[in-house]
Amino acid sequence: MKIRIKKFTEAIEIDKFKEVTDDILNLIEKTVEKEKDPNAIKNFIDLYIKNPTETKIEGLIEPNEIYDFYEKYRNQIDECLKEVKFFELPADVSRLYDYIIKGTNFAIKEFVKSIYENS
């Protein structure tokens, strides 16, 4: 079982979230499919981890797309956020919808980190 250790001594098991990480990887592949570089996926993942607000995954750009992604994978996203103690962080939002978007984006970044570390 592959495990990624978090700075808070929390662990995320990549195999536990295989369905959602596979879907994210497919979206990343679609995002970079026009690139001629054989390292396009790895390079994109590197950029996304460094700056997720500026690096966008096709299909996870608009808030409604992110919300739909949350609805599809809500159990896995909630479990991931619980494991990394996201719910203990200050919300800094004033609407529930914004909180769902913020949390889903946070989870997506965690999933992308897991993909990177297990590739």
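The values are calculated or read from the model by the stated rules, or taken from the named source; none is laboratory data. As the structure is a prediction and not an experimental result, all values here were calculated from the model. Virtual Cβ from ideal backbone geometry, glycine too; neighbours counted across all protein chains shown.
In segment 65-106, what residues are of a type in the set (Gly, Ala, Ser) and within 21 Å of Lys18 (Cβ to Cβ)? Passing the criteria: only Gly103. When segment 48-64 is filtered for residues that are of a type in the set (D, E, K, R) and either closer than 15 Å to Thr21 by Cβ or exposed (fewer than 12 other Cβ atoms within 10 Å of the Cβ) (or both), the ones remaining, listed by number, are Lys50, Glu54, Glu62.
Does segment 3-20 contain any residue that is at pLDDT 95 or above and surrounded by 14 or more Cβ atoms within 10 Å (Cβ to Cβ)? Yes, some residue in segment 3-20 is at pLDDT 95 or above and surrounded by 14 or more Cβ atoms within 10 Å (Cβ to Cβ). Only one of the numbered conditions (1) over 13 Å from the mean Cα position of the chain (by Cα); (2) under 15 Å from Leu25 (Cα atoms); (3) without any contact (Cβ under 8 Å) to a residue 40 or more places away in the chain is not met by Ser119, and that is (3).
For first residues located in segment 87-104 and of a type in the set (D, E, K, R), partners that are surrounded by 14 or more Cβ atoms within 10 Å (Cβ to Cβ) and lie 6+ apart or on another chain with Cβ distances below 6 Å do not occur. In segment 81-99, is there at least one residue being surrounded by 17 or more Cβ atoms within 10 Å (Cβ to Cβ) and in contact with a Leu (Cβ under 7 Å, 6 or more places away or on another chain)? No, because not a single residue in segment 81-99 is surrounded by 17 or more Cβ atoms within 10 Å (Cβ to Cβ) and in contact with a Leu (Cβ under 7 Å, 6 or more places away or on another chain). Filtering segment 28-81 to residues that are within 13 Å of Ile101 (Cα to Cα), of a type in the set (A, V, I, L, M, F, W, C) and in contact (Cβ under 8 Å) with a residue 12 or more places away in the chain leaves Leu60, Ile66, Phe69, Ile77, Leu81.
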